[in-house]
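Below is one structure, written out as structure tokens; comments come after it.
The values are calculated or read from the model by the stated rules, or taken from the named source; none is laboratory data. The structure displayed is predicted, hence computed values, not measured ones. Surface areas here come from the heavy atoms of the whole protein model, side chains and all, with no ligands, DNA or RNA. Shrake-Rupley method; radii C 1.70, N 1.55, O 1.52, S 1.80 Å.
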Amino acid sequence: MQGAHRITAVFDSELCEAAMSRNHLLLYCRPGFESDMAGEIQDKAAEAGVYGYVKTKANSGYVVYITQEDDGARQLMNRLSFDNLIFARQWCAAVPLINDLPQGDRIGPILEAFAEHDLPRCGDLILETADTNEAKELSGFCKKFINPLRQTLRKKGLLTDKPNAKIPRLHCFFLDSSNVYIGTTDTRNSSPWPGGILRLKFPKTAPSRSTLKLEEAFHYFVPADEWDERLAPGMKAVDLGAAPGGWTWQLVNRSMMVTAVDNGPMNKDLMESGQVTHRTEDAFTFKPEKRVDWMVCDIVDKPARSAELMGRWLAHRWCREAIFNLKLPMKQRWMAVQEALEKIEEMCLERDLKVTLKCKQLFHDREEVTVHAIGERIR
Ligand SMILES: C[S@@+](CC[C@H](N)C(=O)[O-])C[C@H]1O[C@@H](n2cnc3c(N)ncnc32)[C@H](O)[C@@H]1O
């Protein structure tokens, strides 16, 4: 594979960890995408030289990659960049499932696991479940359990008093109230949000719920300290497939000037902002008069066709940065994403442009993934 979705970063999170048997790489994903997550991790783990096998259950919202080597999950996390995993919302290097936790003493077996697997002292603790309706019913249980667990771990010196980004974070991922995976992550190479889910409030004046997809993409792909520069007032943007205007709303909200391309009607209030020009044209033939700062696109089409359109925009440098969705087919979605990203990279390379692509299935994405693209000339 080429480019940004290839394994590039090598993390070293030795960080006072003496590791024993964290051989379960636990990956959280959108329920229904377990086989895509499994395909992706198998390919990337083999590429990284960490061998193992994958365990999945349909619609469970997680996948486990069990490595041959004792400490394989942690090694794999050191060799892969979390940002380059498309279907993973969160991950941790876990010990084998702790099952049959007794109702009266769930903490005891967790402490035993710490000792047995020589788990390191951690800087923070998160209790999580899969993103399924069934698992979400455990949220009350998790809320009650976290304080006694935190206090005991602190007393035993296994958890610091204050979250500390320099040492691993402890994840307790409950399948139900008596079965839990416990594992660690490097806070610099994982999602900062519990369950890997960024919860956003729907802005009341936005014309569609889709608005949250672009807002989440801004949070995910543009570091907060770069917003003022990269999402600046007065910037020019094009929104392909804009109607009714949820994505355009986000750009207008950042005080940008937006050309909204769609044959469908745009939201009236948004048009009254004076920041939007509506072009009732086919997005596949539309060309901007001048290079714009941002192009965003939420058109529902085959990934190959969307990739062709995005590749054209990027290869011709019609925009500085882009965020777009690739709608996924019912099957072989991991393969479809790879092909689409490779197509975009090829089209750019043909015009001497190196494009950096980051691709993630965000929380607000459904049968789709979101891509961020930025190009630079090779010579
Ligand atoms: C999922 S909706 C976009 C929703 C929008 N992002 C929002 O937040 O409100 C897809 C839009 O793409 C438009 N569309 C589909 N094919 C198009 C094309 N070839 N040219 C322009 N617009 C197109 C549809 O009319 C539809 O409004």
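Over region 3-196, accessible surface divided per residue gives 43 Å², non-protein components excluded, 1.4 Å probe.
Report the Cα centroid-to-centroid distance between region 313-345 and region 58-137 in angstrom, as an integer. Rounded to whole Å, the Cα centres lie 31 Å apart. Using C-alpha pairs below 8 Å separated by at least 6 residues, the relative contact order for the chain is 15 percent. Based on Cα contacts under 8 Å between residues 6+ apart, region 161-244 shows a relative contact order of 17 percent. The Cα-based radius of gyration and maximum Cα-Cα distance (Dmax) for region 196-269 are 12.3, 36 Å.
Given 55/162; 57/360; 144/201; 201/343; 201/331, which pairs have Cα atoms separated by over 29 Å? Violating the 29 Å Cα-Cα cut-off are 55/162; 201/343; 201/331.
Summarising the amide proton neighbourhood of residue 353: residues at separation of 5 or more, or on other chains, whose placed amide H is nearer than 5 Å comprise 378.
Compute the orientation-averaged projected area for region 176-236 from the convex hull of its Cα atoms and round it to one decimal in nm². Each step should come with its number before you reach the end.
Details: hull surface 28.0 nm².
That works out to 7.0 nm².
Along its first, second and third principal axes, ordered by size, region 3-196 spans 48, 37, 27 Å in Cα coordinates. Computed log10 I(q)/I(0) for the chain at 0.13 Å⁻¹: -1.05, from the Debye equation with unit scatterers placed on every C-alpha and solvent omitted.
Can you give the alpha-carbon Rg of region 60-131 over 2.2 N^0.38 Å, where N counts its residues? Present the calculation step by step, with values, prior to reporting the outcome.
Details: Rg = 13.9 Å, N = 72, 2.2 N^0.38 = 11.2 Å.
Here the answer is 1.25, to two decimals.
Phi angles across region 236-250 convert, under the Karplus curve 6.51 cos²θ - 1.76 cosθ + 1.60 with θ = phi - 60°, into 3J(HN,Hα) values of 9, 9, 10, 10, 8, x, 8, 5, x, x, x, 6, 4, 4, 4 Hz, Gly and Pro given as x.
Over the alpha-carbon set of region 211-377, divide Rg by the Kirkwood Rh and report the Rg/Rh ratio to two decimals. Display every interim value, and only then the final one.
On the way: Rg = 14.9 Å, Rh = 15.9 Å.
Computed over Cα atoms, the ratio is 0.94.
Take the solvent-accessible surface of the protein heavy atoms, probe 1.4 Å, and return the percent of it on the chain that carbon and sulfur atoms account for. Carbon with sulfur: 48 percent of the solvent-accessible area.
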